[in-house]
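To start, the structure itself, in C-alpha cells.
The values are calculated or read from the model by the stated rules, or taken from the named source; none is laboratory data. Since the structure is predicted, the reported quantities are computational estimates derived from the model, not experimental observations. Here the Cβ positions follow ideal geometry from the backbone for every residue, glycine too, while neighbour counts run over all protein chains shown. With ligands, DNA and RNA removed, areas are computed over all heavy atoms of the protein, side chains included. Shrake-Rupley method; radii C 1.70, N 1.55, O 1.52, S 1.80 Å.
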Amino acid sequence: MILPSGLWRMGVMLAIPGFGTAEARDHGVGLDLYLLLLFAVSEALGLLTLGLVQSWGESVPRWIPLLGGRRIPPHAAVVPAALGALACTGVVYYFFLSILFAGFPPGHTTAEEVILTVCYLPLLAWGPLLGSVAYAYYRRRTSGQGQDAPTPSP
C-alpha cells in the first residue's frame, strides 16, 4: 500500500511526464534527495510493520549483538505502531480532504491528477490497517497465551 506512492515520488524525481507538475519535474538535487529519503524511510517503516505479524517481531534476532534473543516488550512495538497509524491517517486524510474541498493546486494536468490519486489512494487504508494490526499484536502478546512458549524459528 505504500509502494505506489513511493513509485509516484520516483516518477517525479526521474522527471517522467504525468508524475508531478512541470515545475516539480524541473527540480534540483535537493528535491531529489528529499524524495529518495522519503521513499526509503516510508518503505522501511512499511517493512517494519511485518514485525507485528511475524515471529521476529516478538524477539530480537539472535545475530544482533548484545540484544539478540531477548523478547521485545509489547509496548515497544505497539506504541510506535499506534502513533504511526494515527499520524498516517491524519496526514493522508487531510491530504485527500483538502483536494476534495479545495481541488488540486494549479498547474496539474488531468492526467497528473489521476496518476497522483491512483498512487496515493491505497494510503487511505494504511493508517487504519496499521492500527488494526498493532491492536492484534497487543492482544496476542498480552493475552497470556503463548507467553512462555518458545518463539518459532523462521
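Odds and ends about this structure:
- Solvent-accessible area per residue, Å², over region 8-152 with all protein chains present [probe radius 1.4 Å]: 63 Å²
- Whole-percent carbon and sulfur share, accessible surface of the chain, 1.4 Å: 72 percent
- Debye equation applied to the C-alpha atoms of the chain, log10 I(q)/I(0) at 0.11, 0.12 Å⁻¹: -0.56, -0.64
- The length gained by stretching the chain between Phe96 and Ile72 to full extension, at 0.36 nm per residue less their Cα-Cα distance, is 5.1 nm.
- When you count the other C-beta atoms within 10 angstrom of each residue and take the mean per peptide, 84-92, 57-65 line up highest first as 84-92, 57-65.
- If R0 equals 30 Å, the separation of the Cβ atoms of Ala136 and Leu3 corresponds to a calculated FRET efficiency of about 0.85.
- Shape class of region 81-134 from the alpha-carbon gyration tensor: prolate, with a/c at 1.5 or above and a/b greater than b/c.
- Sequence-separation-based contact order of the chain, relative, with Cα cut under 8 Å and 6+ spacing, percent: 33 percent
- Placing pseudo-labels 7 Å out from each Cα toward the beta carbon at Glu113 and Met10 gives an inter-label distance of 2.8 nm.
- Working note: 222 nm ellipticity from helices only, DSSP H runs with n ≥ 4, each -39,500 (n - 2.57), summed and divided by the residues of the chain, gives -20500 deg cm²/dmol to the nearest 500.
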